[in-house]
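Right, one structure below, let's go through it.
Every read-out reported here was derived from the displayed coordinates using simple, explicitly stated rules and does not represent laboratory data. Every value quoted in this text rests on a predicted model; they were computed, and no experiment measured them. A quick note on method: Cβ atoms are made from the backbone with ideal geometry, for glycine too, and the neighbour counts reach across all protein chains shown.
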Amino acid sequence: MRHNRLIQLAAVSIAGLSLVGAGFTGAGVSDSAGRNQLMVTDQLSEGDPPEVALGIALGAFKGIFVNYLWIRANELKEAGEYHEAIELSRAITTLQPRFPRVWVFHAWNMAYNISVATQTPEERWEWVNAGVRLLRDEAIPANPNDMLLHKELSWFYLHKIGGITDDANQYYKRAIAEEWTVVLGEPPARTVETRDREGATAAYLGWLKRVAEAPESLSQIEESTVPALLTELRAQGIDPVSMRLLRLHARYTAALASPRRVEYTSDDDPKVQAFIELLADPEMAKAWQAFVPHARKRILVDEYHMEPWRMVAYTEKFGPLDWRHAATHSLYWSARGVEQAMSRWTARNRKDFDFVNADRVVYQSLQELYRSGDVYYSMLDDVEGRGGFYMNSPNTHFIESYGQLLQERDDILNPDSAAWENLTPEEMANRQNLLALWWTEHGKRPYRAFAAGYENFMRDAIRTLYRRGEYARANHMLDQLIAWPGQNTNNPDRMVELGTTLDEFVANELKDDRILSAYVAKQEITGSLFGAYMNGLAAGDGELFDREYQYAAQVHRYYMQKQIQVTTASGETGRTEDMPRDFREMAGTLFAQLAGTLPIEIAETMYGSAPAELQVWGYDIILARFKDVVDRNAEANNTPVFDVIFPMPAGIEQHRQYITDLRRQRTEDRQETGVR
């Protein structure tokens, strides 16, 4: 009996001590659960799958039930029953929203599996965008520090949307360009000041800061005419803070600024005309300027779950990011994922974080922005059908961005560098962990993937600069590549390949049909056209212009003949068709955009030396950019007027009709193939 009494007393003592311990640790556990958003409320919402109700009813056995659902969803996916798998995935994410891999499973089914089973680009885009929205708008807000979700979302942007493996990729690119022209408006215009990296970055920072620094709420807007504007918008049935309002604003702001404004604003719909009148009302100009940045900010934060201040910070760090490009979003989410995960990373749990692969997506995003980050997109060409003109070309501003990021990583690998100065103990611990992790990828080994990627990037950049006529810069980069201390040592022929003249290096790079790569072909064509215009026309070297222009035309023709494949899903656009089929359209667009960025004296020389078939492409842009300035200066100083400096080219009306017919033909082609 006494022995039993002792056992009972011991049990009571242990229970008491456990309760006391729970009291000390419970507050910390609750605080951690709240801070990391780990609390789940078992409440059934309207529209939830029936499995959710059953899971809630099972109480403590919910985990076992979720395991069964996960196994069943995977079996359905393997059997090709994607819609059924999505329903089960939705039930799992509702029951356990802190389970990242189910969110990824769910999103991949939509973006990759179901999308390719549809027939038209429009249908495909709906499913791809559904996968993006699931991760961006639901999964990451529920798991704000999870690296896997960030990495997968960034991969959707980089590979599915920004790549060329999907037959409908050109439709996706237009859709992103249209969407983000609406959300943020037209990016800064190409001008003399934005031709170098520093000037372009400054312009893009000013553009984004107007949104990031906008008032948080309507009550904080000080402009007195804003209430009248909001009253009028609501009277027209337009929600002031909505994508509809921003879409109307983006489209008709561009239309009113166009030399062809009559064509773009002649709509029979009285509601459209009422909006255009409100937009053009000079008494409302200050109200629009004060209100629109606020609307953009609220859409970014509330609907896209993005942070304007972080967008500004990344622009300061990486360069002039164009949010109409998928790789900019890939860069944002991958870099954000690395930064957010650092708050949870310790020496004990570091194996749970795949920082190496997440950071690789940051590098790959910068590479893609160099290869295609200069976006040409027209909001005015059939906005609703997303069939307007779209083209991208290499953006050499991001050559330096890539190099700076590598230097930052080298500083982390070097404990004696300035990167280790003035760190807090927590920051020092994170640096040391990061150093150990990076060493596994960047240590002294004969071959490292990141080193091979950087060398390929440098080779492409050297060739592009050579074609643009920037020979000194290309030679400097070739010298850097030869002397780079991080180079792989597994290739015994490396120094033989690099130890040549610049001319020989570029010629050797294009052997073995590398020209059939979409990236290489575009770099060769756009680089040669830039060189033809700047070093040929603007410099008065007609022979160089002819040589570079003809080379670009030959590469374009060869690539189109060999590589273009047209499929049902891509409509009238080939899967690898990353540039216009009509060389005149590509050459003319680049000529027009370049002319708008030059000082007026250089633009005059380039325009005057150009053949008529190029002048017709550039005339309207030059007209919009220079006419008012030139004519005001002519009146004040008795200098030649615009029409003397930039005479209207022969055939301009026929060219405008050609553009109109081309736009109409594209619309008809989309209708015939079922593409809106």
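For this structure, a couple of remarks:
- Theoretical gain in end-to-end length, E497 to R547 [0.36 nm per residue, Cα-Cα removed]: 15.4 nm
- ³J(HN,Hα) computed for each position of segment 150-160 - Karplus, 6.51 cos²θ - 1.76 cosθ + 1.60, integer Hz, glycine/proline x: 5, 5, 5, 4, 5, 5, 4, 5, 6, 9, 6
- Were the residues from L510 through I14 laid out at 0.36 nm apart, the gain over their Cα-Cα distance would be 170.9 nm.
- Chain lengthening between V192 and S242 when straightened (0.36 nm per residue, less Cα-Cα): 14.6 nm
- Given charges at beta-carbon only (K, R positive; D, E negative), |dipole| of segment 188-318 in Debye: 440 debye
- From largest to smallest, the equivalent ellipsoid semi-axes obtained for segment 510-672 from the alpha-carbon gyration tensor read 33, 21, 11 Å.
- Nearest-0.05 FRET efficiency for H305 and E75, computed from C-beta distance (R0 25 Å): 0.20
- Overall dimensions of segment 211-295 as given by Cα atoms, namely Rg and Dmax in Å: 13.0, 38
- Pairs of alpha carbons in segment 76-200 whose separation is greater than 16 Å (percent): 66 percent
- Packing-based ranking of 452-465, 233-246, 319-332 yields 319-332, 452-465, 233-246, ordered from highest to lowest mean Cβ neighbour count within 10 Å.
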